[in-house]
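Colleague: Would you mind keeping the following structure in view while I ask a few things?
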Amino acid sequence: MVAITLPDGSTRNYPGPVSGADIAMDIGPGLAKAALAVRVEGVMRDLSSVIDGDANVSIVTAKDADALELLRHDAAHVMAEAVQELFPDAQVTFGPATENGFYYDFARATPFTPDDLERIETRMKEIVERNETIVREVWSRERATTFFKDKGEAYKAEWVAELPGDAEISIYRQGDWLDLCRGPHLPSTGKLGKAFKLMKLAGAYWRGDARNAMLQRIYGTCWPDEKALKGYLLQLEEAEKRDHRRLGREMDLFHLQEEAIGSVFWHPNGWILYRAIETYMRRRLEANGYVEVRTPQLVDRSLWEASGHWEKFRENMFTVEVEEDKTLCIKPMNCPCHVQIFRQGIKSYRDLPLRMAEFGSCHRYEPSGALHGLMRVRGFTQDDAHIFCTEDQITSETKAFCDLLMDVYRDFGFTDVRVKFSDRPAKRAGSDDVWDKAERALTDATTAAGLETTLNPGEGAFYGPKLEFVLRDAIGRDWQCGTLQVDFVLPERLNAAYVGEDGEKHRPVMLHRAILGSFERFIGILIESYAGKFPLWLAPVQAVVATIVSEADAYAGQVAERLRAAGIRTAVDTRNEKINLKVREHSLTKVPVMLVVGKREAEQATVAVRRLGGQEQELLALDTAVATLAREAAMPGG
RNA sequence: GCCGAAGUAGCUCAGGGGUAGAGCAACUGAUUCGUAAUCAGUAGGUCCGGAGUUCAAAUCUCCGCUUCGGCACCA
């Protein structure tokens, strides 16, 4: 007897082992038709898999959230089948489901073309129509190895060889095509449906290693139905409209050009935004016990040799040969310079923690393929600071930092922040004792700050563990902004010391930390996150006074003066144009507030206030409007 | 850096071995108008750069640069 318990709590008994399909059929033919897979004790399995003992079971249909992953994984298989039918010389490698779809990596001498994509997609739809039954088989290692080797599938053969000894080698067969795969899969290709689309071609290294061959990756997206697919494509289009590179041009914030690759030309409007953020950060840091410094751009190579950067980071550094045997480096980081300031004079334990901040302008020679708008540049400014403290202060300083960081992010409208915790790497400096202490300190601090972290095992810096704070751009790409890194090594290398209570010399610990990361990247993300519609305190132009008739020109000037006197960045538009045009143009450049004035307003000392994106207007006395806007435009945190 | 694609007016894009095209923007003029495009006219180009093929190259070929999409990288 096998007792199967269903999600509703009911139990069905079977005389012997049953498959998921049997159970679904037993419950009803409708469900049997809709069934895609079965979840046994929470684990997703093939519908055909046999359950031979009592179990909690649920039937997975397209309505299930995790049916999507199944669907997408199948889409990858169907694509691979289509590709191999059309291009028999293409070798298969891997093809997983992704956040919005799937991809499959192929090895092939001649690259696929965009035209090929159309052919492949058409063939995929044919395979769905063939409704090939998907069958799972378990092969011996020898059989699998021989099979893939004979077929010329070198990558699959390599993978089989590397599967652990006790691993079951499962093969999924659909029609004449098969693939080595862990599964689970749908019962047949027809269940996939046709709500998929091949999106783009890309290169990708075999097993993600740049030393390996480059494969050809085809990305696709896949959804349960046509409506969801359309919705996704529409969402992509919308996201494209908030691309910071596009908005940067439309709103006249900045530009990039060939003669200064990877460096930003900030236009007046963009620079207002930049400075507003800098002012805000400076106030925040001052309120949190930081001191601000400024250190040199050009620093002799010897300091970088001493810090270890010359050895580890040289390829990313711009250098200048000034005279024979003298190399200056354009600083890629601020830390060694901050240690130099720390080292001036004798520091006592009473001076700690010393929080030294700099809006540090740095340059790094980033690989050409990595450059991306404001997000990845070669010249940037960090909201950098180094906290010199004792080991005992790591937890409290980290906690204080996390609180500050979350406060700042909240002020910029970010509440969904991912925090990654990177612990000790294989190659590292410092004793295990010290690492234990540092990792525990970070863990305690994040817990105290109420942050959930995901572990990035072995990804810490060689000099200490770190926290990374990740924000997401308009099209779902993640960018690291904030960071906190514990460093035991640099104080040692650059000989930073303080005198302790005991009168002896001690090494301080350095916490490298940034909240925005770089102004450039943060502003890029900010633009996308707000879709250019900044809150009042950040908007480069906060208000436009627009006239309806030229008789109101003089009054418009007075209104603007009043607003400016109240600290509001105001422009006046007295062009001889219709109000419709003015509203449209200032809406497109995302000015948050428009004050429309005509004859009526001029006579009554009022303004018609129109908010960006809104339909209605509010008629206010000029005094009221100025007071309201001044209050709204105030920088958060005073 | 690697794989692929693209580069034509300020922007979006069409064209394609034989005089360089459109819409929007710009400029000029008219229009004084009540909340997302008033009308008319004018001007605007090293077709990314360099070499080659050709009577003739924006167009074909090669090399380079930049950008875009991925991958790798991001101490």
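Colleague: State the Cα centre-to-centre distance between the stretch A:420-472 and the stretch A:589-638 in whole Å.
Modeller: The distance from the Cα centre of the stretch A:420-472 to that of the stretch A:589-638 comes to 49 Å.
Colleague: Can you order the peptides A:395-403, A:172-180, A:608-616 by their average number of other Cβ atoms within 10 Å per residue, highest first?
Modeller: Numbers: A:395-403: 20.8, A:172-180: 18.1, A:608-616: 14.2.
My ranking of the peptides, most packed first, is A:395-403, A:172-180, A:608-616.
Colleague: Hey, another quick one. Given the stretch A:67-238 reduced to its alpha-carbon atoms as identical point scatterers, what log10 I(q)/I(0) does the Debye formula return at q = 0.17 Å⁻¹?
Modeller: -1.07
Colleague: Select from A:S307, A:T113, A:M406 the residue farthest towards the positive end of the dipole of chain A; place +1 on Cβ of Lys and Arg, -1 on Cβ of Asp and Glu, and compute about the Cα centre.
Modeller: Checking the options against the dipole of chain A, the answer is A:M406.
Colleague: Right, something else. Could you tell me which of rounded, prolate or oblate describes chain A, using a ≥ b ≥ c as the square roots of the eigenvalues of the alpha-carbon gyration tensor, with rounded for a/c under 1.5 and, failing that, prolate when a/b is larger than b/c and oblate otherwise? Could the numbers behind the result be given before it?
Modeller: Values: a/c = 2.00, a/b = 1.34, b/c = 1.49.
Because a/c hits 1.5 or more and a/b fails to exceed b/c, chain A counts as oblate.
Colleague: Then there's this: When only alpha-carbon atoms count, how far does the stretch A:2-60 stretch along each of its three principal axes, as whole angstroms with the largest first?
Modeller: Rounded to whole Å, the extents work out to 24, 21, 21 Å.
Colleague: How far, in nm, would the chain grow between A:R143 and A:W271 when pulled straight, counting 0.36 nm per residue and subtracting the alpha carbon separation?
Modeller: On the way: separation 128, 0.36 × 128 = 46.08 nm, distance 6.53 nm.
Taking A:R143 through A:W271 to full extension adds about 39.5 nm, to one decimal.
Colleague: Let me ask you something else. I'd like the Karplus ³J(HN,Hα) series for the stretch A:456-465: coefficients 6.51, -1.76, 1.60, θ = phi - 60°, whole numbers in Hz, and an x wherever there's a Gly or Pro.
Modeller: These are the phi-based 3J(HN,Hα) values: 10, x, x, 9, x, 6, 5, 9, x, x Hz.
Colleague: Can you check what the net charge comes to around A:V18, using other residues whose Cβ is under 11 Å from the Cβ of A:V18 (Lys, Arg +1; Asp, Glu -1)?
Modeller: Details: positive: A:R12; negative: A:D22, A:D26, A:D52.
Overall, the nearby charge balance is -2.
Colleague: Quick one: which residues, 5+ away or cross-chain, put their amide H under 5 Å from the amide H of A:I169? H built at 1.01 Å from N.
Modeller: For A:I169, the qualifying residues are A:W139.
Colleague: Oh, and also: For a quick protection proxy, order the peptides A:461-467, A:351-357 by their average other-Cβ count within 10 Å, most packed first.
Modeller: Numbers: A:461-467: 22.6, A:351-357: 20.0.
My ranking of the peptides, most packed first, is A:461-467, A:351-357.
Colleague: Rounding to the nearest 20 debye, state how big the charge dipole of chain A is about its Cα centre with +1 on each Lys and Arg Cβ and -1 on each Asp and Glu Cβ.
Modeller: Using Cβ point charges on Lys, Arg, Asp and Glu, chain A gives about 1240 debye.
Colleague: Which of A:K347/A:K437; A:K347/A:K466; A:K331/A:K437; A:K230/A:K466 have a Cα-Cα distance over 29 Å? The partial results should precede the final answer.
Modeller: Values: A:K347/A:K437 24 Å; A:K347/A:K466 26 Å; A:K331/A:K437 31 Å; A:K230/A:K466 41 Å.
The pairs that break the limit, which is 29 Å between Cα atoms, are A:K331/A:K437; A:K230/A:K466.
Colleague: Once both labels are modelled 7 Å past Cα along the beta-carbon direction, what's the A:R173-A:V320 spacing in nm?
Modeller: Inter-label distance under the simple model: 7.0 nm.
Colleague: Can I ask one more? If you keep only loop residues by DSSP, which GluC sites (Glu not before Pro) in the stretch A:426-460 have at most 12 other Cβ atoms within 10 Å of their Cβ?
Modeller: Details: sites: A:E439, A:E452, A:E459; in loops: A:E452, A:E459.
Passing sites in the stretch A:426-460 are A:E452.
Colleague: Given the options A:L619, A:L47, A:P187, identify the residue whose Cα lies farthest towards the positive end of the charge dipole of chain A (+1 on Cβ of Lys, Arg; -1 on Cβ of Asp, Glu).
Modeller: A:L619
Colleague: Taking the Cα centre of each part, how many Å lie between the stretch A:140-197 and the stretch A:291-327?
Modeller: 52 Å
Colleague: I want the local charge near A:M214. Using Cβ-Cβ distances under 12 Å, sum +1 for each Lys or Arg and -1 for each Asp or Glu among the other residues.
Modeller: Values: positive: A:R108, A:R207, A:R211, A:R217; negative: A:D105, A:D209.
Computed value for this residue: +2.
Colleague: If you don't mind, another one. By per-residue mean of other Cβ atoms within 10 Å, what is the highest-first order of A:113-122, A:519-528? Walk me through the intermediate numbers first.
Modeller: Numbers: A:113-122: 13.9, A:519-528: 25.5.
Top of the packing list down: A:519-528, A:113-122.
Colleague: About the Cα centre of the stretch A:67-238, what is the dipole size in debye to 20, counting +1 per Lys and Arg Cβ and -1 per Asp and Glu Cβ, all else neutral?
Modeller: On the way: 23 positive and 29 negative charges, 10 e Å.
For this selection, approximately 40 debye.
Colleague: Give, as a single signed number, the net charge of other residues whose beta carbon lies under 15 Å from the beta carbon of A:V607, with Lys and Arg counted +1 and Asp and Glu -1.
Modeller: Working: positive: A:R562, A:R564, A:K582, A:K599, A:R600, A:R610, A:R611; negative: A:D553, A:E561, A:D573, A:E601, A:E603, A:E616, A:E618, A:D623, A:E632.
For residues surrounding A:V607, the net value is -2.
Colleague: Decide, for the stretch A:548-623, between rounded, prolate and oblate: order the square roots of the alpha carbon gyration tensor eigenvalues as a ≥ b ≥ c, take rounded if a/c falls under 1.5, and otherwise choose prolate if a/b is larger than b/c, else oblate. Before the final figure, lay out the partial values.
Modeller: On the way: a/c = 1.36, a/b = 1.17, b/c = 1.16.
Rounded, since a/c falls under 1.5.
Colleague: Expected output is a single nm value to one decimal: the length gained when fully extending between A:Y349 and A:Q257, i.e. 0.36 nm times separation in residues minus the C-alpha distance. What is it? Walk me through the intermediate numbers first.
Modeller: On the way: separation 92, 0.36 × 92 = 33.12 nm, distance 4.91 nm.
That pair, A:Y349 and A:Q257, stretches by 28.2 nm at full extension.
Colleague: Where a ≥ b ≥ c are the square roots of the eigenvalues of the C-alpha gyration tensor, would you call the stretch A:60-160 rounded, which needs a/c under 1.5, or, failing that, prolate if a/b is larger than b/c, or oblate?
Modeller: Working: a/c = 1.76, a/b = 1.17, b/c = 1.50.
Here the stretch A:60-160 falls in the oblate category.
Colleague: Another question, then. Counting other beta carbons within 10 Å of each Cβ, put A:M25, A:M406, A:M79 in order, fewest first. Intermediate values should be presented prior to the final figure.
Modeller: Working: A:M25 15, A:M406 20, A:M79 26.
Neighbour counts put them in this order, fewest first: A:M25, A:M406, A:M79.
Colleague: Give me the percent relative contact order of chain A, please, defined on Cα pairs under 8 angstrom at least 6 residues apart. Write down the numbers at each step before the final one.
Modeller: Values: 1182 pairs, mean separation 55.0, N = 638.
Worked out over chain A, it gives 9 percent.
None of the figures in this text is laboratory data; all of them are computed from the coordinates on show. Owing to the predicted nature of the structure, the values given are computational and were not obtained by experimental measurement. All Cβ positions, even for glycine, are placed from backbone atoms using ideal geometry, and neighbour counts span all protein chains on display.
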